[in-house]
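Undergrad: Please see the structure below; I have some questions.
The values are calculated or read from the model by the stated rules, or taken from the named source; none is laboratory data. No experiment lies behind these values; they were computed from the predicted model shown. Note that each Cβ is placed from the backbone with ideal geometry, even for glycine, and that neighbours are counted across all protein chains shown. Protein only, heavy atoms only, side chains kept; ligands, DNA and RNA dropped before computing areas. Shrake-Rupley method; radii C 1.70, N 1.55, O 1.52, S 1.80 Å.
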Amino acid sequence: MANVTVIGAQWGDEGKGKIVDWLASRADAVVRFQGGHNAGHTLVVGNQTYKLSLLPSGIVRGTLSIIGNGVVLDPWHFRDEVAKLTGQGVAITPDNLQIADNCSLILPFHRDLDGLREDVSEFKIGTTRRGIGPAYEDKVGRRAIRVCDLAHLDDLDPQIDRLCAHHDALRAGFDQPPIDRKRLKDDLTEIAPHILPFAKPVWHTLNQVKSDRKRFLFEGAQGMLLDVDHGTYPFVTSSNTVGGAASAGSGLGPAATGYVLGIVKAYTTRVGAGPFPTELEDEIGQKLGERGHEFGTVTGRKRRCGWFDAVLVRKAAAVSGISGIALTKLDVLDGFEQLRICVGYRLGDKTIDYFPSHAAEQAAVEPIYEDFDGWSESTEGARRWADLPAQAIKYIQRVQELIECPVALVSTSPEREDTILVTDPFSD
Ligand code: GDP
Ligand code: IMO
Ligand code: MG
């Protein structure tokens, strides 16, 4: 059985959506396993652009799409995203979209708390303000309301009370009024019929699909450097974004992960606060942002840009067990006279070849660069390896050497078909 797990290998926005969409034609199910609507995955098909945050990218092709238990689900956002895509002509029914009935819900006060913390505190993560962190806190705190609870609203009062008591104490610290329990119950009663038709024990569906020897495509959100354990803590999201999370977040055993395809941008971007060793706050960073249209899909914020950091991606490859990478946005580097790749760091008077764990050291490392001549030819839209300029091939080859991982795909524009296949992840 050849399954593929797509994950981000930097700080998110590497082009996961485009690659998942490209691979989805040959998958029997596409599965989201962590994160929530903090993600923003963009697909360009002909003259249509689709922006998905919560729904698996496979839905655009009509492939069976599954929101796994590891996702935190905002039911109102779910309803709106389904309506938006339906308006774009995507057919969405309980036959092609399922939600794990054991998913935890993001509720309105999670979003409030996320925003309050960002506004009031001196310490800012720069979250998407969508309630992701607070919802995961309630999940591991064992007080969350889950999708399956929506089918038992008559029994929900004690659970609502317990959850609200916890939040009322937090809200009081921010001078916020207590949660209106009746309104919350009414809101849940109103939204439940929009969710329940899609709610299934998806671990069961997936294991059924597995026994039919079909192919799964797992769609990660965010990126390894935003992983709550392995990322630039505390400037991270609240879930595990590494490949290993696909198993726990969907209800399949670890072997199902299959080929782990790391999505890697040919340079580096980050949205939100936190360390970024190769960040360029000059006209080169500006040019990368303009050529790459680096604005957040979810919040519209300008993404910070910098050179490719091979040390970070080598770590991503190691902690996620990446089998091969898709190198995206190569075309954005067209026309740069000189390119740089970070190959190590200076930390005080030491030279190190790995990213340290401590936040202050992560902020203090200084990149050591290797310089390359750029290429003046256009790679935009290239679909064959042979169409790439020699200098671009040299750059890709050095990337694979430094990250100790082969390049399986190269992406040369936002468009679905502008993709070079080097090794087929499904049959490797
Ligand atoms: P994701 O979060 O990893 O799915 O990535 P996003 O969709 O947030 O951001 C990637 C952006 O780059 C989107 O606007 C894509 O349409 C675009 N994109 C993807 N691959 C390429 C590529 O190879 N070249 C260019 N120029 N744009 C790309
Ligand atoms: P995709 O799937 C880029 C960042 C936020 C913030 C941090 C925590 O499109 O790659 P959160 O709202 O999750 O608590 O915010 O994580 N972040 C992302 N950055 N791409 C994403 O998703 C992101 N999802 C969250 O900007 O720094
Ligand atoms: Mg994105």
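Undergrad: Please report how far the C-alpha centroid of region 360-426 lies from that of region 183-261, rounded to the nearest whole angstrom.
TA: Taking the Cα centre of region 183-261 as reference, the centre of region 360-426 is 29 Å away.
Undergrad: Could you point to the residue in SER376, LEU409, PHE426 farthest towards the positive end of the chain's charge dipole, with +1 and -1 charges on the Cβ of Lys/Arg and Asp/Glu respectively?
TA: The residue sitting most towards the positive pole is PHE426.
Undergrad: Enumerate the amide H contacts of ALA199 below 5 Å, restricted to partners 5 or more residues apart or on another chain; note that Pro and chain-start residues carry no placed amide H.
TA: ILE99
Undergrad: Right, another one. Can you tell me which of ASP168, ASP180, ASP331 moves the most in a GNM of the chain? Springs connect C-alpha atoms under 10 Å apart.
TA: Per the Cα network of the chain with a 10 Å cutoff, ASP180 tops the list.
Undergrad: A further question on this structure: Around PRO178, with a cut-off of 10 angstrom between Cβ atoms, what is the net charge of the other residues, counting Lys and Arg +1 and Asp and Glu -1?
TA: After counting each charged neighbour, the total is 0.
Undergrad: Of ASP154, ASP13, ASP229, ASP371, which has the most accessible area and how do the rest follow, probe 1.4 Å? Display every interim value, and only then the final one.
TA: Details: ASP154 145, ASP13 40, ASP229 105, ASP371 80 Å².
From most exposed to least exposed: ASP154, ASP229, ASP371, ASP13.
Undergrad: Now for a different question. Specify the angular offset, from 0 to 90 degrees and rounded to the nearest 10, of the alpha carbon long axis of helix 202-211 from the longest principal axis of the alpha carbons in the chain.
TA: 50 degrees
Undergrad: Under the Karplus relation 6.51 cos²θ - 1.76 cosθ + 1.60, θ = phi - 60°, what is the ordered set of whole-Hz ³J(HN,Hα) values for region 228-244, x standing for Gly and Pro?
TA: Per-residue couplings from phi come out as 5, 9, 9, x, 7, 4, x, 8, 9, 8, 9, 10, 7, 9, 6, x, x Hz.
Undergrad: With N set to the number of residues, divide the alpha-carbon radius of gyration of region 24-117 by 2.2 N^0.38 Å and report two decimals.
TA: 1.09
Undergrad: PHE336's amide H: which non-local residues (gap 5+, or another chain) put their own amide H closer than 5 Å, with H modeled 1.01 Å from N in plane and none for Pro or chain starts?
TA: For PHE336, the qualifying residues are TRP375.
Undergrad: Treating the angle as unsigned and between 0 and 90°, give the value, to the nearest 10°, between the Cα long axis of helix 108-120 and the longest Cα principal axis of the chain.
TA: 50 degrees
Undergrad: Additional query: Within region 268-352, which GluC sites (Glu not before Pro) sit in a loop by DSSP and count at most 15 neighbouring Cβ atoms inside 10 Å?
TA: Those that pass, being in a loop and sparsely packed, are GLU281, GLU337.
Undergrad: Report the far tail of the P(r) of the chain, meaning the percent of Cα-Cα pairs longer than 32 Å.
TA: Summing the P(r) of the chain above 32 Å gives 36 percent of all pairs.
Undergrad: Right, next: Counting Lys and Arg as +1 and Asp and Glu as -1, each charge on the Cβ, what is the dipole of region 45-171 about the Cα centre in debye, to the nearest 20?
TA: Charge dipole, region 45-171, about its Cα centre: 480 debye, nearest 20.
Undergrad: Another one. What are the ³J(HN,Hα) values, in whole Hz, obtained from phi via the Karplus relation 6.51 cos²θ - 1.76 cosθ + 1.60 with θ = phi - 60°, for each residue of region 404-414 in sequence order, with x given for Gly and Pro?
TA: 6, 7, x, 8, 9, 9, 10, 10, 10, 5, x
Undergrad: On a straight-distance basis, which lysines could pair with LYS18 in a cross-link, Cα separation under 28 angstrom, same-chain partners fewer than 8 positions away excluded?
TA: List returned: LYS51, LYS84, LYS200, LYS210, LYS214, LYS265, LYS287, LYS302, LYS315, LYS329, LYS394.
Undergrad: If you don't mind, another one. Let me cross-check TRP375: its accessible surface, 1.4 Å probe, with only protein heavy atoms counted, in Å² to the nearest 10?
TA: Rounded to the nearest 10, that gives 10 Å².
Undergrad: Mind ordering 319-326, 107-114 by average Cβ neighbours within 10 Å, highest first? All intermediate terms of the calculation are to be shown ahead of the outcome.
TA: Values: 319-326: 23.1, 107-114: 21.5.
Per-residue Cβ counts within 10 Å, averaged per peptide and sorted highest first, yield 319-326, 107-114.
Undergrad: May I ask for the percentage of alpha-carbon pairs in region 313-428 that lie more than 18 Å from each other? Numbers along the way, then the final one.
TA: Details: 3848 of 6670 pairs.
Counting every Cα pair in region 313-428, those more than 18 Å apart make up 58 percent.
Undergrad: Among TYR345, VAL365, LEU388, whose Cα sits farthest toward the positive end of the charge dipole of the chain (+1 at Cβ of Lys/Arg, -1 at Cβ of Asp/Glu, about the Cα centre)?
TA: Looking along the dipole axis, the top candidate is LEU388.
Undergrad: Another one. Just how large is the dipole of region 171-276 about the Cα centre, in debye to the nearest 20, putting +1 at every Lys and Arg Cβ and -1 at every Asp and Glu Cβ?
TA: Details: 12 positive and 9 negative charges, 61 e Å.
Here the size comes out at about 300 debye.
Undergrad: Mind putting a number on the dipole of the chain about its Cα centre? Charges go on the C-beta only, +1 for Lys and Arg and -1 for Asp and Glu, and I need it in Debye to the nearest 20.
TA: Its charge dipole is roughly 820 debye.
Undergrad: Also, quick follow-up: Find the eigenvalues of the gyration tensor of the Cα atoms of region 28-82, then list the square roots of 5 times those eigenvalues as equivalent ellipsoid semi-axes, largest first, in whole angstrom. Before the final figure, lay out each step's value.
TA: Values: eigenvalues 67, 37, 18 Å².
So the equivalent ellipsoid measures 18, 14, 9 Å along its semi-axes.
Undergrad: Continuing with this model, one more query. In deg cm²/dmol and to the nearest 500, what is the mean residue ellipticity at 222 nm of the chain if only DSSP H runs of at least 4 residues count, each as -39500 (n - 2.57), divided by the residue total?
TA: Numbers: 12 runs with 130 residues, N = 428.
Result for the chain, helices only: -9000 deg cm²/dmol.
Undergrad: A further question on this structure: For region 53-151, which GluC sites (Glu not before Pro) pass both filters: DSSP loop (anything but H, G, I, E, B) and at most 11 other C-beta atoms within 10 Å?
TA: Those that pass, being in a loop and sparsely packed, are GLU122.
Undergrad: Just check region 249-398 against the gyration tensor rule for me: Cα atoms, a ≥ b ≥ c as the square roots of the eigenvalues, rounded for a/c under 1.5, and otherwise prolate or oblate depending on whether a/b exceeds b/c.
TA: Rounded, since a/c falls under 1.5.
Undergrad: As an exercise, identify the trypsin sites (Lys or Arg not before Pro) in region 134-210 lying in DSSP coil whose Cβ has no more than 15 other Cβ atoms within 10 Å.
TA: On the way: sites: LYS139, ARG142, ARG143, ARG146, ARG162, ARG171, ARG181, LYS182, ARG183, LYS185, LYS210; in loops: ARG142, ARG143.
Passing both the DSSP loop test and the Cβ count: ARG142.
Undergrad: Please report the antiparallel percentage of DSSP beta bridges with both residues in the chain, rounded to the nearest 5.
TA: 40 percent
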